[in-house]
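> One structure is given below, represented as structure tokens, and several questions about it will come after.
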Amino acid sequence: MAEKKLNEKHYDLIILGGGPAGLAAGIYGGRAKLNTLIIEKGSVGGRAFTTREIVNYPGFPETTGPDLTNIMREHAEKFGVTIARENIKSVDFSDDVKVLTTRKNKYMAPAVIVATGTEARVLGIPGEKEFTGDGVAYCATCDAEFFQDQHVVVVGSGDQAIEEGMFIAKFASKITVIVLHDEGVLDCNKQAAERAFKHPKMNFVWNSVLDAIYGDDGVEGVKVKNVKTGEISDLACSGVFFFVGLVPQTAFLEGTGIETSSRGYIPTTNLMETNLEGIYAVGDVRDKYLRQIATAVGDGATAATAAERFIEEQKDFQENIMHSDRPVLLSFWTPDYDDSLEMVNAVDKAVAEAGGHYKTMEADYTRKKTLAAKFGIELNDNQHAAVVVIKEGKKVGELDLSADLAGQLK
């Protein structure tokens, strides 16, 4: 059977993920007149869309996840942003034009923003999925205040579970932590454990796991199983918070060259740049301190602005370097070394002495490694700079930085 031909679609900017970070990036991209595409495999709005009440987003004292994210979506569409509901099957970031393939389409763009977010680690307990948003929660900062003067169960005993449990205790009347280990053994740090044991609202059920969650319109109780005796008991409560970890949605990036932390999050610069040129990461998928709608929106705005400038730089590079009517000297330098910057100045001086027959362009190696690799340049502790000679878009040589530069250009 012949392979099905995919539709090729070209954009200036592609955003993977339609949560608050992705939508904010779309708004800024569209407003900058970039032909912008958002690809979202689920509900536009991401995890924020499933939040029943939001009271800490600036300017919206009281709203819901669907209401807030729908406004964001409409705002993005107003600026001409296209939103596609598709699942990415493969990704290729190896060239100047990035390629993202779905079942029907092949999307291409010079810049991509990864805004795929996280998902809470799900245990698959009966009732967990059914009551998500109606008593089952995964974010204390988002939902704790909605359990004012109520009994809440916390699942997990690591740093996040215990610290978030004490935060929930500011609102709830009682916290019961379900702990797998023997009495007195928690997975969190010692300081957090000591504070939790002294907290008047914190209670613990040891050697146990959650077996089921039940209720009618909302959570009314849970079934707790003792792992040593097998005994199952009922515990009445109004809410269940799971803190057994979040999973960043980065598995699809394996093999692309994108660097991730040990937990799968993507490190970035303050411009949201990843280690690959033209690829940015924003929102919950980024390795950062606070994961909230407000911070996600800021990430998206920053990344789209940085991407806009990168795209302009790429256009400028094509016009002034690859299609130049004069030979070009492309200098790669490293900001951490003074001799590297001195080399750039020396090249400019040498060009002037040689009669000015060359164009010059500088590239920060730490930000332009993809470009450097294209011309076979790899700087290290022993080599801090390099100058490539380009004619008619092709590398024809390199300058010897230890010799007379002006002499090599005559």
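The values are calculated or read from the model by the stated rules, or taken from the named source; none is laboratory data. Note that the structure is predicted; figures quoted are calculated from it, not measured. Reconstructed Cβ throughout: ideal geometry from the backbone, glycine too, with neighbour counts over all protein chains shown. Accessible surface areas use protein heavy atoms only, side chains included; no ligands, DNA or RNA. Shrake-Rupley method; radii C 1.70, N 1.55, O 1.52, S 1.80 Å.
> Suppose we filter Asp187, Asp149, Asp182 for residues that are in contact (Cβ under 8 Å) with a residue 24 or more places away in the chain, touching an Asp or Glu at 6+ places or on another chain (Cβ under 9 Å) and assigned to a loop (DSSP other than H, G, I, E, B); which single one remains?
Asp187
> Please find, among Glu86, Glu130, Glu53, Glu77, the residue that is at pLDDT 90 or above and closer than 22 Å to Gln150 by Cβ.
Testing whether each residue is at pLDDT 90 or above and closer than 22 Å to Gln150 by Cβ leaves just Glu130.
Okay, residues lined up against (1) open to solvent by 30 Å² or more (accessible area, probe 1.4 Å); (2) touching a helix residue (DSSP H, G or I) at 6+ places or on another chain (Cβ under 9 Å):
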residue: Ala352; (1), (2): yes, yes
residue: Tyr365; (1), (2): no, yes
residue: Ala373; (1), (2): yes, no
residue: Asn382; (1), (2): yes, no
residue: Ile390; (1), (2): no, yes
residue: Leu409; (1), (2): no, yes
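> Which residue is modelled with the lowest pLDDT, if the candidates are limited to the range 352-395 and must be hydrophobic (A, V, I, L, M, F, W, C) and within 15 Å of Asn320 (Cβ to Cβ)?
Once the filter is applied, the top-ranked residue is Leu371.
> Please give the number of the condition Val91 fails out of (1) touching an Asp or Glu at 6+ places or on another chain (Cβ under 9 Å); (2) buried (at least 17 other Cβ atoms within 10 Å of the Cβ); (3) under 26 Å from Leu16 (Cβ atoms).
Single failed check for Val91: (1).
> Considering only residues that are farther than 24 Å from Lys225 by Cα and in contact with a Ser or Thr (Cβ under 8 Å, 6 or more places away or on another chain), which ones fall in the range 148-191?
Asp149, Phe167
> How many of the residues making up the range 159-196 are touching a strand residue (DSSP E or B) at 6+ places or on another chain (Cβ under 8 Å) and farther than 23 Å from Asp143 by Cβ?
Total meeting the criteria: 2.
> Go through the range 207-219 and give me each residue that's in contact (Cβ under 8 Å) with a residue 24 or more places away in the chain and closer than 18 Å to Glu130 by Cβ.
Answer for the range 207-219, where residues must be in contact (Cβ under 8 Å) with a residue 24 or more places away in the chain and closer than 18 Å to Glu130 by Cβ: Leu210, Asp211, Ala212, Ile213, Tyr214, Gly215, Asp217, Gly218, Val219.
Matching residues to (1) in contact with a helix residue (DSSP H, G or I) (Cβ under 7 Å, 6 or more places away or on another chain); (2) surrounded by fewer than 24 Cβ atoms within 10 Å (Cβ to Cβ); (3) of a type in the set (Asp, Glu); (4) not assigned by the TED database to the domain that holds Asn203:
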site: Pro126; (1), (2), (3), (4): no, yes, no, yes
site: Lys129; (1), (2), (3), (4): no, yes, no, yes
site: Ala140; (1), (2), (3), (4): yes, no, no, no
site: Asp143; (1), (2), (3), (4): no, yes, yes, no
site: Phe146; (1), (2), (3), (4): no, yes, no, no
site: Gln150; (1), (2), (3), (4): no, yes, no, no
site: Gly156; (1), (2), (3), (4): no, no, no, no
site: Asp159; (1), (2), (3), (4): yes, yes, yes, no
site: Ile162; (1), (2), (3), (4): yes, no, no, no
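> Failed condition for Ala76, given (1) open to solvent by 60 Å² or more (accessible area, probe 1.4 Å); (2) farther than 23 Å from Glu313 by Cα; (3) outside any strand (DSSP E or B), with all others met?
If we test Ala76 against (1) open to solvent by 60 Å² or more (accessible area, probe 1.4 Å); (2) farther than 23 Å from Glu313 by Cα; (3) outside any strand (DSSP E or B), just (1) comes out false.
> Shifting gears a bit: Select from the range 106-124 the residues that are surrounded by fewer than 21 Cβ atoms within 10 Å (Cβ to Cβ) and either at pLDDT below 95 or in contact with a Pro (Cβ under 6 Å, 6 or more places away or on another chain) (or both) and list them in ascending order.
Glu119, Ala120, Arg121, Val122, Leu123, Gly124
> Here's a follow-up. Which strands (runs of 3 or more DSSP E) does the range 318-410 wholly contain that include 1 or more residues that are free of Cβ contacts under 8 Å to residues at least 40 places away in the same chain, in contact with an Asp or Glu (Cβ under 9 Å, 6 or more places away or on another chain) and over 22 Å from Glu273 (Cβ atoms)?
Of the strands (runs of 3 or more DSSP E) lying wholly inside the range 318-410, those with at least 1 residues that are free of Cβ contacts under 8 Å to residues at least 40 places away in the same chain, in contact with an Asp or Glu (Cβ under 9 Å, 6 or more places away or on another chain) and over 22 Å from Glu273 (Cβ atoms) span 359-364.
> So which residues in the range 54-80 are under 18 Å from Gly17 (Cα atoms) and touching a Ser or Thr at 6+ places or on another chain (Cβ under 6 Å)?
Once the filter is applied, which keeps residues that are under 18 Å from Gly17 (Cα atoms) and touching a Ser or Thr at 6+ places or on another chain (Cβ under 6 Å), the range 54-80 yields only Gly65.
For (1) crowded, with 20+ Cβ neighbours inside 10 Å; (2) more than 16 Å from Ala306 (Cα to Cα); (3) not assigned by the TED database to the domain that holds Glu77, each residue gets a yes or a no:
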site	(1), (2), (3)
Ile15	yes, no, no
Pro20	yes, yes, no
Gly26	yes, no, no
Gly30	yes, no, no
Asn35	no, no, no
Ile39	yes, yes, no
Thr51	yes, yes, no
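> Okay, moving on. Within the range 289-308, identify whether any single residue is touching a strand residue (DSSP E or B) at 6+ places or on another chain (Cβ under 6 Å) and over 26 Å from Ala32 (Cβ atoms), and answer yes or no.
There is no residue in the range 289-308 that is touching a strand residue (DSSP E or B) at 6+ places or on another chain (Cβ under 6 Å) and over 26 Å from Ala32 (Cβ atoms).
> Residue by residue through the range 103-146, note down the ones that are more than 19 Å from Asp216 (Cα to Cα), among the aromatic types (Phe, Trp, Tyr) and not in a strand (DSSP E or B).
Of everything in the range 103-146, just one residue is more than 19 Å from Asp216 (Cα to Cα), among the aromatic types (Phe, Trp, Tyr) and not in a strand (DSSP E or B), namely Tyr138.
> Looking at Asp96, is it acidic (Asp, Glu), at negative phi, touching a residue at least 12 places away in the same chain (Cβ under 8 Å) and not in a strand (DSSP E or B)?
Yes.
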